[in-house]
Amino acid sequence: MNKKRKLLTPLQLKIMNILWADKACFVKDIVLKWSHSPVPHVNTIATTIKALEVKGYVSHNTYGRSHQYYPLIAKRIYQKKLLTKVTQDVFDGSAVAIIRSLITSGIDRSGLKVP
């Protein structure tokens, strides 16, 4: 993985979540799959995808004049990178501190199982 990849903005992350779920999409597909309002303008989505290409997160296949975009990084890899960054920057590198914060934040723990 390219260690110099920057973290994603909220808009970029939303687009990546759609790409991770669908494996590959055209810009029009991303617009149709946008799950909440307001839906960004198609040009905003296209520009954001170009930024994701520059950052090394996505690439595309060309079909005539259309581009179908697909992720170059797995969601699990990005989650690990983000969690590592948050742990280092916010919790002084302490995994225990981040887990303690999650437990005391009032999250629903009913789905958690300890082996």
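The values are calculated or read from the model by the stated rules, or taken from the named source; none is laboratory data. This is a predicted model, so every value here is computed, not measured. Here the Cβ positions follow ideal geometry from the backbone for every residue, glycine too, while neighbour counts run over all protein chains shown.
Restricting attention to the stretch 42-51, the residues that are under 16 Å from residue 8 (Cβ atoms) and surrounded by fewer than 15 Cβ atoms within 10 Å (Cβ to Cβ) total 3.
Residue-by-condition table, conditions (1) assigned by TED's automatic domain parsing to the domain that holds residue 16; (2) closer than 18 Å to residue 5 by Cα; (3) touching a strand residue (DSSP E or B) at 6+ places or on another chain (Cβ under 8 Å); (4) modelled with pLDDT of 95 or more:
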site: 45; (1), (2), (3), (4): yes, no, no, yes
site: 82; (1), (2), (3), (4): no, yes, no, no
site: 95; (1), (2), (3), (4): no, no, no, no
site: 98; (1), (2), (3), (4): no, no, no, no
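Here the stretch 89-108 is the region considered, the condition is being assigned to a helix (DSSP H, G or I) and under 22 Å from the mean Cα position of the chain (by Cα), and the residue that is surrounded by the most Cβ atoms within 10 Å (Cβ to Cβ) is 98. Evaluate the following for residue 60: is it more than 12 Å from the chain's Cα centre (by Cα) and under 13 Å from residue 25 (Cα atoms)? For residue 60, the condition - more than 12 Å from the chain's Cα centre (by Cα) and under 13 Å from residue 25 (Cα atoms) - is met. Residues of the stretch 6-51 that are in a loop (DSSP other than H, G, I, E, B) and in contact (Cβ under 8 Å) with a residue 60 or more places away in the chain: 7, 8. Across the stretch 52-88, the number of residues qualifying as in a helix (DSSP H, G or I) and either surrounded by 17 or more Cβ atoms within 10 Å (Cβ to Cβ) or not hydrophobic (A, V, I, L, M, F, W, C) (or both) comes to 13.
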